[in-house]
Amino acid sequence: MGFGLARWEVALPMQNTMPAGAQEILMGRFIASLGTENEDGSIHLTAVWYLSEGGCLYVATSSRTRKARNALSRRKASLMVDIRKPASERGLVAMCAADVIAGETSREINARIHRRYMSEAALADPRAGGTMAAMDDITLRLTPTGWYAWDMRTLDDVLFGGSMKTPGYLLPLD
């Protein structure tokens, strides 16, 4: 059986609206990857906690970080959330307009982000919750302008004839 280029063209279509299944992924508690553009045009990638609310994505951070400086200077970012389970990896990327929220609104949003990822005991501990609250003094608001999503379960069926589900084909991740 030949595999022509046309088979690859089904992989990752860009969408202007949130793809099917995206809300389920965004509501999960995962570590996202945030990409912002450095002054020299290279991409700064960092792992972040996030919150999806009201059509926007929020990231708590310090005003001293490179991601904050990049978002202030270039007003764009991408956020990737992926689920890494062998043979069923899936995820999405949101390309976004970025702006910065400060003050009381930022503190309220950041507290919601911290509650999403930290236990009540950690939040009450000044060494953990207190330090996070003091460190994260701004919030990046990401407004999606484009999306793409992938689902290895579907790609396996379409591109690999289901072969990636064969036990032992994929090695465990570290």
**Q.** Positive-end residue, the range 20-159 charge dipole about Cα centroid, Cβ charges, pick of 144, 48, 159
**A.** 48
Q: State, to one decimal in nm, how far the label point of residue 23 lies from the label point of residue 111, with both points 7 Å from Cα in the Cβ direction.
A: 2.7
**Q.** Neighbour cut-off at most 12 other Cβ (10 Å), DSSP loop, trypsin sites (Lys or Arg not before Pro), the range 76-174
**A.** 84
Q. From the square roots a ≥ b ≥ c of the eigenvalues of the alpha-carbon gyration tensor of the range 74-174, which class results: rounded (a/c under 1.5), prolate (a/b over b/c), or oblate?
A. oblate
**Q.** Which of 159, 51, 140, 92 has the fewest Cβ neighbours within 10 Å, and the rest in rising order
**A.** 159, 51, 92, 140
Q.
Over all directions, how big on average is the projection of the convex hull of the alpha-carbon atoms in the chain, in square nanometres?
A. 12.7
Q. At residue 134 and residue 97, where each label point lies 7 Å from the Cα along Cα→Cβ, what is the point-to-point distance in nanometres?
A. 3.7
**Q.** residue 75/residue 120 FRET efficiency (R0 41 Å; Cβ-Cβ; nearest 0.05)
**A.** 0.70
Q: Can you tell me the dipole magnitude for the chain around its Cα centre, using point charges on the Cβ only (Lys, Arg +1; Asp, Glu -1), in Debye to the nearest 20?
A: 140
Q: Counting helices only, and only those DSSP H runs with n ≥ 4, report the 222 nm mean residue ellipticity of the chain as the sum of -39,500 (n - 2.57) divided by its residues, in deg cm²/dmol to the nearest 500.
A: -7500 deg cm²/dmol
(Q) Given a 10 angstrom Cα cut-off, can you work out which residue in 82, 151, 125 is the most mobile in a GNM of the chain? (A) 125
Q | Percent RCO, i.e. relative contact order, over the chain, from Cα pairs under 8 Å lying at least 6 residues apart | A | 28
Q. Between residue 150 and residue 165, 0.36 nm times their residue separation minus their Cα-Cα distance comes to what?
A. 3.7 nm
Q. Rounded to the nearest 0.05, what FRET efficiency do residue 14 and residue 38 have when you use their Cβ-Cβ distance and R0 = 22 Å?
A. 0.40
(Q) With 10 angstrom as the radius, rank 56, 96 by how many other C-beta atoms surround their C-beta, starting from the fewest. (A) 56, 96
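Just so you know, all these numbers are worked out from the coordinates, no wet-lab data involved. A quick note: this is a predicted structure, and the numbers were derived from the prediction, not measured. So basically every Cβ, Gly included, is an ideal-geometry build from the backbone, and we count neighbours across all protein chains shown.
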